[in-house]
Each structure stands twice: as structure tokens, then as C-alpha cells.
Amino acid sequence: MTLNPAYLVDFDGTITTVDISYELAVGLAGEGYEEIDHVYRRKEIPIREWLRRTAQLLPPDMDLLLSKSFEWAVIRPGFENFLEHARKQDSPVIIASDGFGFYIEPILSRHGLLDRVSHIYRNDTELNPVGVLEVKTPHAHSICNVCGNCKAFHVVTMKKEGRPVIYIGDGSNDRFGASWGDHVCARDRLLEYCRRYNFRHSPWDDFYDIIDVGTPGLQDLSESSLCCPLGSGVKE
Ligand SMILES: [Mg+2]
């Protein structure tokens, strides 16, 4: 028996209309962020290093960071309807985020959506004993240093349970997890990667579009994937 698909959903720029971690960096990290942005865009540092360096520049005030996150958080249209659609068809909705992470539950809770999500895999950001912000990455790969949160591992774990996975995202780093998805709902940078690598995908604007995507079959994507979450990590 084929189980109903699981949805693996990015948070920043996907569930929310803007990337809150990026907004925090641009708005609050100060002048030093310019150099981090520069080397990241040139692919000289991976997202995990972006998180580590940027966190050190943010004001060490979690109340301020959370209030700014609330200010910028707009839930993308159709998300609540999508959650209801997933519940009716017994499809788990798993959020996997590779941002600063601390604001996800508070934002979902404020919108009355937190208890309708099956699971959240995210990083955490907290003050260390000397008052500097540190990003914790409990879901990072043990060897690969590219992602803070190995979304591909979460996808593969769901597939091993017999569920096809529909991957929903927007960013360039989503390409690793998406490469294991049995279908990808892609916008922005992720859409460019789906076209480049010929992932099975649907472009989307809001969550009403995702409700219309059917049930994909479970596929073995070990050859065409961009990384090996159960092996040594990225292939690139
Ligand atoms: Mg994103």
C-alpha cells in the first residue's frame, strides 16, 4: 500500500512571504554583514557559516529579534487551507528550516497554526555565556558542512517509511532536499535549480497552488540526487 505523501516545507520565504533570517541580517547586523553577504553570494562560504558569522553581528537581545521577526512575518496566502487539505488526506506536514529558527513556533502560534503542523526541524539561536549569539544546528550532517539543517535527511527518512515526499521551497539551499523529493513545488531560486537539474516540479505562487498538486509515486532518486544524507553529504 502506498501511503499518502508527506509535505516537507521550508519556512522562510515559503510559509512566510519574506526570509526573516535575511531581514534580521540586513536590518540589524550592521556594516559587517556586507562582507558576509558578499562571500556567501560568491559561494565562498556555505549557509552554515553564514548563520554562524551573521549571528555574531546581531544585537544580543532575543526580545528585540523576536519583535522584529513578528513585524516582518506575513503568512503566505492559502497556508491555513493547505494545512486543512493535508489533514483531510492524512498527509504529515513537516517544516524544515535552515535559518535562525527561534521565531518559527512563536510566529505559527501567533497565527493559530502551530498545533496543525506535524513536526518542525530547525536550528536554534541563543546567547552564549559571554553574551554573543550562537546558532545551534542539531540536525546538521555529521561530515558535510554545507547546510545547518540537513533537509535531505528528513526527506529520505520519510521515504524510508514508505511515504512519497512533496518538497515545498523557494531558496537555493532547498535544492539538496528537493533533489530527493518525489515532486517539488518550487518558486524563486529553487525553481531555477529545478529547471537546471530536471527535478519533477510545479511552479507555485501560493499554497492554493500546492493543494492542486496530485500524489506522486515513490521514486528511487539516489543516483540523481545532489547529496548523500546517509553518506558523505554533498556531491557537488
Ligand atoms: Mg526559504
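Some observations on this one:
- Selection from the range 118-135 of residues that are in a loop (DSSP other than H, G, I, E, B), closer than 30 Å to residue 81 by Cβ and touching an Asp or Glu at 6+ places or on another chain (Cβ under 9 Å): 122, 123
- Per the conditions (1) crowded, with 19+ Cβ neighbours inside 10 Å; (2) over 22 Å from residue 58 (Cβ atoms); (3) touching a strand residue (DSSP E or B) at 6+ places or on another chain (Cβ under 6 Å), the sole criterion not satisfied by residue 101 is (2).
- So residue 115, is it among the acidic types (Asp, Glu) and not assigned by TED's automatic domain parsing to the domain that holds residue 177: no
- For the range 48-61, filtering for residues that are under 20 Å from residue 13 (Cα atoms) and either aromatic (Phe, Trp, Tyr) or in contact with a Gly (Cβ under 6 Å, 6 or more places away or on another chain) (or both) leaves 3.
- In summary, helices (runs of 4 or more DSSP H) completely within the range 9-94 and bearing 2 or more residues that are over 23 Å from residue 110 (Cα atoms), within 14 Å of the ligand (Cβ to nearest atom) and hydrophobic (A, V, I, L, M, F, W, C) occur at 47-57.
- Residue 76 vs. criteria within 27 Å of residue 184 (Cβ to Cβ), of a type in the set (Lys, Arg), in contact (Cβ under 8 Å) with a residue 12 or more places away in the chain and touching an Asp or Glu at 6+ places or on another chain (Cβ under 7 Å): yes
- Candidate set: the range 136-165, residues that are among the aliphatic types (A, V, I, L, M) and within 16 Å of the ligand (Cβ to nearest atom); chosen: the one farthest from residue 82 (Cα to Cα): 146
- Filter result for the condition that a residue is more than 19 Å from residue 153 (Cα to Cα), away from the ligand (no atom under 16 Å from the Cβ) and surrounded by 19 or more Cβ atoms within 10 Å (Cβ to Cβ), over 133, 108, 127: 133
The values are calculated or read from the model by the stated rules, or taken from the named source; none is laboratory data. The structure displayed is predicted, hence computed values, not measured ones. Note: ideal-geometry Cβ built from the backbone for every residue, glycine included; neighbour counts use all protein chains shown.
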